[in-house]
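Structure record follows, encoded as structure tokens.
The values are calculated or read from the model by the stated rules, or taken from the named source; none is laboratory data. None of these values were measured; they are calculated from a predicted model. Heads up, the Cβs are rebuilt from the backbone with ideal geometry, glycines too, and the neighbour counts pull from every protein chain shown.
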Amino acid sequence: MPTYSFLSLLREGFTGHKGWTPAWRFPDPKPAYDAVIIGGGGHGLATAYYLAKLHGMRNIAVIEKGWIGGGNAGRNTTIIRSNYLEDASAAIYEHALKLWEGLGRELNYNIMMSHRGVMNLAHDEGEARVLKRRTEANRLNGIDTEWLDAKQVKEFCPPINISAGSRFPVLGATLQRRGGVNRHDAVVWGYARAADVMGVDIIQNCEVTGIKVEAGVVTGISTSRGDIRTPKVASVAAGHTSIIANMVGVRLPIQSHPLQAWVSEPVKPLIPCVVMSNAVHAYVSQSDKGELVMGAGIDPHNSYTQRGGLDTIEHSLAALIELFPMFSRLRLLRQWGGIVDTCPDASPIITKTKVKGFYINAGWGTGGWKATPGSGHAFADLVARDEPNAIAAPFSVERFSSGALVAEHGAAAVAH
Amino acid sequence: MLLITCPHCGTRDQSEFTYGGEAHISRPANSETMTDAQWAEFVFMRNNPKGVWAERWMHASGCRKWFNAVRDTSTDRFLAVYKIGEPRPNVTAAGLATPSGEPVIGSGNDAAKVMR
């Protein structure tokens, strides 16, 4: 694999950019693999990468029904943070954030990671109390969250409206300075390239149509490009997880909803950080292209249509314009929806199942992107060893029977 | 935005309604003898089909009555609405060609086109 560097860019620049080669292969599926990952999004490719790199499983495949990164990996607002309340969540999201910090270098791929800081606003006393509590919980877990009062919020993010007469007065905010945004396509492509080099087959335009189970043990899958024998099937199918789990009769508490996001026309740099608000279901950052990237809470109804209602967008935009009056004259360029797999406790499911060899990583709901490396790392460990590690263990599907839920509706920051 | 026909008031915008999730889940009669797994099934586990499913809505900005609907989650098309207490109507939609119902090329959701 040619290493990407300033020198390689310079060399190609002088030779007409004719020397670049495809970053990954387009192989046909082999008759058998040691493991098959269903879903070529960020989490699926990260799982493949860590399986190959850390567990030596290189005869594996990622099966993707469309193109890699074309689902929720390409539809999220790329916000990275780890300021979750519970110890179990703090562990996995902070694990992910630590991996993000070195990921570009590790993958030799510029993921445009920008640690510009994430603010979560408080608009009333109750919310301020909850966010202060979360700040302290974060600090006990070694996470760099701090509390800002309204004046400090204004200093950190000058365009914000903190006037007392505002419809959504800003009482303060939590700030995680290591939080930020990155480039979702680059993460997908970086993981794909690095996994491919180690021998992982990334098979696109290939839909899984069935999973073969004999005597409670996985033996293979059927796909639109033929049957594949494998002792391990790892589902990382996000919004379509229930459909995959149904193939082997595994029941899940997941409900699939549309989640919408949109971008404005590109403008000069005007917002230096990520601003999120639970109360008004809105979050905004500015991409390197200059577009404001904004998102809403989920549409309330179950759906797989990847589109939602205009009223959901209007609700968030009305609040954003109150918070940032200067946004009111911006035009929107485009909006889209993705199908998110929400869980009752707003935490993911990383689990073995009653079917031996069938593993599920799902339920990330509205906040999966930030966890991509940590999720793949922990899930690869589970798939390789057939036992969850300390980070994955609290996220077993058994928690819905035991009652040990990991309730994160506050920190999830987007209404479920 | 969905247009929803309340069986009491007629067709209105979705913004007038509150969603209630899966319909026809009744509290088990033998709750004192149920296992934790059975409780989990009642409290948390839900169907989540891509296709026809029955759901509850409440006309919050209108008559404030709950009612049920059958909708195709792959197209968002409503197939039936009916009052609480009435049995689920036997309606079907054209099935999906594959589990995802999406075209081989592209992951954009073209389920509606595939079915047409």
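Quick look at the values:
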quantity: Conditions (1) buried (at least 16 other Cβ atoms within 10 Å of the Cβ); (2) more than 14 Å from every other protein chain (Cβ to nearest Cβ); (3) out of contact with any Lys or Arg (no Cβ under 9 Å at 6 or more places or on another chain); number of the one not met by residue B:91; calculated: (1)
quantity: Condition met for residue A:193 (at pLDDT 95 or above and either touching a Leu at 6+ places or on another chain (Cβ under 9 Å) or not basic (Lys, Arg) (or both)); calculated: yes
quantity: Cβ pairs under 7 Å, 6+ apart, first in the stretch A:35-50 and among the charged types (D, E, K, R), second in a helix (DSSP H, G or I) and surrounded by 24 or more Cβ atoms within 10 Å (Cβ to Cβ); calculated: none
quantity: Condition broken by residue A:253, with the remaining ones in (1) within 13 Å of chain B (Cβ to nearest Cβ); (2) more than 20 Å from residue B:72 (Cβ to Cβ); (3) over 20 Å from the mean Cα position of the chain (by Cα) satisfied; calculated: (3)
quantity: Wholly within the stretch A:296-409, strands (runs of 3 or more DSSP E) carrying at least 3 residues that are more than 28 Å from residue A:38 (Cβ to Cβ); calculated: A:332-342
quantity: Residue list for the stretch B:1-58, restricted to those being facing chain A (nearest Cβ under 8 Å), of a type in the set (Lys, Arg) and closer than 16 Å to residue B:79 by Cβ; calculated: B:50
quantity: Residue A:66 of a type in the set (Gly, Ala, Ser) and at pLDDT below 95; calculated: yes
quantity: Filter result for residue A:286 (modelled with pLDDT of 95 or more, assigned by TED's automatic domain parsing to the domain that holds residue A:161, under 29 Å from residue A:395 (Cα atoms) and crowded, with 22+ Cβ neighbours inside 10 Å); calculated: no
quantity: Sole exception among (1) outside any loop (DSSP other than H, G, I, E, B); (2) over 21 Å from residue A:327 (Cβ atoms) for residue A:155, by number; calculated: (2)
quantity: Single unsatisfied condition, residue B:80 versus (1) away from chain A (no Cβ under 13 Å); (2) outside any loop (DSSP other than H, G, I, E, B); (3) more than 25 Å from residue A:309 (Cα to Cα); (4) under 18 Å from the mean Cα position of the chain (by Cα); calculated: (3)
quantity: Near pairs, Cβ below 7 angstrom, 6+ apart or cross-chain, from the stretch B:50-75 (farther than 17 Å from residue B:13 by Cβ) to any residue that is among the aromatic types (Phe, Trp, Tyr) and part of a strand (DSSP E or B); calculated: B:56/B:66; B:68/B:82; B:73/B:53
quantity: Counted residues, the stretch A:199-219 - those being farther than 15 Å from residue A:47 by Cα and part of a loop (DSSP other than H, G, I, E, B); calculated: 6
quantity: Failed criterion for residue A:400 (all others in (1) over 19 Å from the mean Cα position of the chain (by Cα); (2) among the aromatic types (Phe, Trp, Tyr); (3) away from every other protein chain (no Cβ under 14 Å) hold); calculated: (3)
quantity: Boolean, residue A:88 is buried (at least 23 other Cβ atoms within 10 Å of the Cβ) and either within 14 Å of another protein chain (Cβ to nearest Cβ) or farther than 14 Å from residue A:189 by Cα (or both); calculated: no
quantity: Exclusive hit being among the charged types (D, E, K, R), buried (at least 21 other Cβ atoms within 10 Å of the Cβ) and in a helix (DSSP H, G or I), set A:196, A:185; calculated: A:196
quantity: Residue count, the stretch B:9-40 (criterion: more than 16 Å from residue B:64 (Cβ to Cβ), assigned to a loop (DSSP other than H, G, I, E, B), modelled with pLDDT of 95 or more and under 17 Å from the mean Cα position of the chain (by Cα)); calculated: 3
quantity: Pairs where the first residue, in the stretch A:9-20, is surrounded by 10 or more Cβ atoms within 10 Å (Cβ to Cβ) and the second is of a type in the set (D, E, K, R), C-beta under 9 Å, 6+ apart; calculated: A:12/A:18; A:19/A:11; A:19/A:12; A:20/A:12
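A quick yes/no check of all residues on (1) closer than 28 Å to residue A:240 by Cα; (2) part of a helix (DSSP H, G or I):
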position: A:1; (1), (2): no, no
position: A:10; (1), (2): no, yes
position: A:70; (1), (2): yes, no
position: A:88; (1), (2): yes, yes
position: A:94; (1), (2): yes, yes
position: A:109; (1), (2): no, no
